[in-house]
Amino acid sequence: MIVEGLQLKNFQCYAGEIADNTFKFSRGLHLVIGENGSGKSKLWDAFYWVLYDEIFQSDRREFLKTSIYKDQLISDKAKYECEVGESVDTLVILTARTSQGRIYRVTRAYKATKTEDNSFIGQDRSSVVIEEKKTSRWERLTPDKHDQIIETI
């Protein structure tokens, strides 16, 4: 499969809506360059999280599931702007095309609610939706097909 795009909402250092954080890819090699702290590794984390529900924790040198990482997925800016009692979410959408022209969209999301100034209670796990594009609409695939699509991507 060829990855065509990656869209992020409030994912780690990528604060803001999808329109602010959309990456489109064409065929060929793509090189991501930037200064330290500019989000190169977090972009890789977005790819990995949307597909495998894990984030690489560089301090511990291991992959952690969402159930452990929890609200650390959500950008600090989005959490700061959230009021007590409100919820804030993060999501990553990956779009890929097969060599036969089939287009798939994988969306992973996580939500947490602010309970105090710097405290959040989040879901125990993220949610994932995988869809296939059918002419002019997206059709949700059943969970039994998820592993096959993820493996292919």
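Kindly indicate whether Ser99 is out of contact with any Asp or Glu (no Cβ under 8 Å at 6 or more places or on another chain), hydroxyl-bearing (Ser, Thr, Tyr) and either at pLDDT below 95 or over 21 Å from Trp44 (Cβ atoms) (or both). For Ser99, the condition - out of contact with any Asp or Glu (no Cβ under 8 Å at 6 or more places or on another chain), hydroxyl-bearing (Ser, Thr, Tyr) and either at pLDDT below 95 or over 21 Å from Trp44 (Cβ atoms) (or both) - is met.
Of all the residues in segment 24-55, those that are surrounded by fewer than 16 Cβ atoms within 10 Å (Cβ to Cβ) and in a strand (DSSP E or B) number 1. Out of everything in segment 89-108 that is under 20 Å from Tyr69 (Cα atoms) and either without any contact (Cβ under 8 Å) to a residue 40 or more places away in the chain or of a type in the set (S, T, N, Q) (or both), what residue ends up being surrounded by the fewest Cβ atoms within 10 Å (Cβ to Cβ)? So the residue we want is Thr107. Go through (1) closer than 15 Å to Arg108 by Cβ; (2) touching a Lys or Arg at 6+ places or on another chain (Cβ under 6 Å) one by one and return the number of the condition Val84 breaks. Only one criterion is unmet by Val84, namely (1).
Determine if segment 125-148 includes at least one residue that is hydrophobic (A, V, I, L, M, F, W, C), modelled with pLDDT under 95, under 19 Å from Met1 (Cβ atoms) and open to solvent by less than 30 Å² (accessible area, probe 1.4 Å). Taking every residue of segment 125-148 in turn, at least one turns out to be hydrophobic (A, V, I, L, M, F, W, C), modelled with pLDDT under 95, under 19 Å from Met1 (Cβ atoms) and open to solvent by less than 30 Å² (accessible area, probe 1.4 Å).
The values are calculated or read from the model by the stated rules, or taken from the named source; none is laboratory data. Keep in mind it's a predicted model, so treat the numbers as computed, not measured. We place every Cβ from the backbone using ideal geometry, glycine too, and count neighbours over all the protein chains shown. Heads up: the accessible areas ignore ligands, DNA and RNA and are worked out on the full protein's heavy atoms, side chains in. Shrake-Rupley method; radii C 1.70, N 1.55, O 1.52, S 1.80 Å.
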